[in-house]
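Single-structure report; data block below.
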Amino acid sequence: MAKTIIITGASSGIGKATAELLSEQGYKLILLARKKEILDEIAKKNKNCLVYPCDLMNAEEAEKISKKITEDFPIIDVLVNNAGVGFPTKLDEISIEDYDKIMDTNIKGLVLFTKNILKQMEKNNSGHIINVSSPAGIQSNPVAPIYCTSKFALEGYTQGLRMHIKETKKNIRVTCVRPGGVDTNYWGKRDVDRTKFMTSEEMALVLKFVIDFPKDSNVQDITMESVRY
């Protein structure tokens, strides 16, 4: 039986590439992103895709849509928490709006969205939660310190989630995936040489590897980087 997989941030970049790859393999996909029209286009071009428009920056919306998904699908095999946002910030100029946009999307919305999915996985005693973090979650930088802060928080949440599951002795795996530089919309108009970065398609292969890994073992952490020097 094909796995049922949720992918957040599925309208572009790593999320979109992963959806396209997994669709080819026959998985049943639940795709989330803010822009419904883009999700609909992806679902039209790929098999076994259902769309749930959602802005994870809105914590109440994130919690509400995750509850609806668990009502619609009694079994969720994998949750890929891929949605995220980041941009340069100056610590002596950071606005409340920019701080909230990063933190609400990258950690607050993620935690509250995951809550209902986790409850269902615990009930079923089966599941796999994959959090897409970043090397910036273990080594900060002066260009995007608030983005780094959000990823440090995600690393802590992921470790705590893994410990929680170990204590409850549930058969749920938790993986942290850290892509290095990837050629996605994350970079916007910044002056960086994206030709040396990894592609979203390469990261999709990594996520498929983690998803397909034998269920009696867990890939706890995996960090990727480009070698296109």
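No value in this document is a laboratory result; all are computed from the given coordinates. No experiment lies behind these values; they were computed from the predicted model shown. Glycine gets a Cβ as well: all are built from the backbone with ideal geometry, and neighbour counts include every protein chain shown.
Remark: for residue pairs Lys16/Lys115; Lys3/Lys67; Lys35/Lys101, the C-alpha separation exceeds 21 Å in Lys16/Lys115.
Under a 10 Å cutoff between Cα atoms, tell me which one of Met121, Met163, Met57 has the largest fluctuation in the Gaussian network model of the chain. Taking springs between Cα atoms under 10 Å, the residue moving most is Met163. For the pair region 131-159 and region 66-127, the centres of their Cα atoms are 14 angstrom apart. Sorted on the mean count of surrounding Cβ atoms within 10 Å across their residues, most packed first, peptides 189-198, 81-90 read 81-90, 189-198. Taking only the Cα atoms of region 1-70, the radius of gyration and Dmax are 11.4, 34 Å.
Calculated mean residue ellipticity, 222 nm, the chain: -13500 deg cm²/dmol, from DSSP H runs (n ≥ 4) at -39500 (n - 2.57) each, averaged per residue and rounded to 500. The smallest convex shape that holds all Cα atoms of the chain, its convex hull, gives 127 Å³ per residue.
Here are some pairs, Lys28/Lys151; Lys28/Lys170; Lys47/Lys166; Lys64/Lys196; Lys68/Lys196; which of them have Cα atoms lying more than 31 Å apart in this structure?
Details: Lys28/Lys151 28 Å; Lys28/Lys170 23 Å; Lys47/Lys166 35 Å; Lys64/Lys196 40 Å; Lys68/Lys196 41 Å.
Pairs exceeding 31 Å: Lys47/Lys166; Lys64/Lys196; Lys68/Lys196.
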